[in-house]
């Protein structure tokens, strides 16, 4: 993938050697997108990107609180991520750490911003990695395909909350 290209509805760019920027518009107000992103029973409906079974969606939504999402693929591989919330502005901004448990040394800092216009929400997520090789490993993992599917499901969940 080259900087500025995207295979789906989210646009994925590489602003610096250590960053991944994801931008996606949703046909739902931002409070519903935020709710779908931060409510465990709603996360269970979209995060797995229809690539397995979600086995954990734990969210302690407070600064210093932790989160952990786990899914098991059809081939039996467990995919687990966890982190800590650093900043929370309800319906507007979340900052958290993210650690893929199979590669715990490659922690990233994620900043999500939600803006709303005419009942539609634009979400940006800036993932900041410690170095280029960590960032490139995420890109090479095929993350964008799962991301596109997960965000499509997230939109469906958010719209269903109306």
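Laboratory data are not the source of any read-out in this text; all were calculated from the coordinates shown. Computed from a predicted structure; not experimentally measured. When we count neighbours, we look across all protein chains shown, and the Cβ atoms used for this are built from the backbone with ideal geometry, even at glycine.
Worth pointing out:
- Relative packing of peptides 15-27, 147-159 - highest average C-beta neighbours within 10 Å first: 147-159, 15-27
- The helix-only estimate of mean residue ellipticity at 222 nm for the chain, built from DSSP H runs of length n ≥ 4 each weighted as -39500 (n - 2.57), is -7000 deg cm²/dmol after division by the residue total.
- This ranking places 70, 12 by how few other beta-carbon atoms lie within 10 Å of each, fewest first, which gives 70, 12.
- Given their separation in residues at 0.36 nm each and the Cα-Cα distance between them, residue 136 and residue 13 gain 43.1 nm when the chain is fully extended.
- A Gaussian network model of the chain, with springs between Cα atoms under 10 Å, assigns the largest mean-square fluctuation among 121, 38, 55 to 55.
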